[in-house]
Amino acid sequence: MSGAICASPRRLYRVVERCPSCRTRRRIVVADGGWWGLTMTCCACGFSWTTEEALRAGKRQRAKDAARAREEWKAAKPWATWTPEL
């Protein structure tokens, strides 16, 4: 028996919005995961959240997430180009 997992490509976008953790305007990387919805990550503190809930992480993981978000920011497209996948 075999199976296949189908996943849509992960698309990255950048936007400057208010981070719920920093409580100030920050650079935010938005990852569109297709079926899984949008995941936002703050480039300053590494706090991540989805459209439904905050994702909990320890200090070390948040530092890694912030560094990854800063790298992804460079390759991300402007939010204005986002279109929902049909």
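Computed from the Cβ-Cβ distance with R0 of 22 Å, the FRET efficiency linking Arg56 to Lys77 stands at 0.20. Normalising the average separation of contacting C-alpha pairs (under 8 angstrom, six or more residues apart) by the number of residues puts the relative contact order of the stretch 11-77 at 31 percent. Amide H to amide H, with H built 1.01 Å from N, Arg26 comes under 5 Å of Glu17, Arg18, Cys19, counting only residues 5 or more places away or on other chains.
Laboratory data are not the source of any read-out in this text; all were calculated from the coordinates shown. Everything quoted here is computed from the prediction, not taken from an experiment. Glycine also receives a Cβ, built like all others from the backbone with ideal geometry; neighbour counts cover every protein chain displayed.
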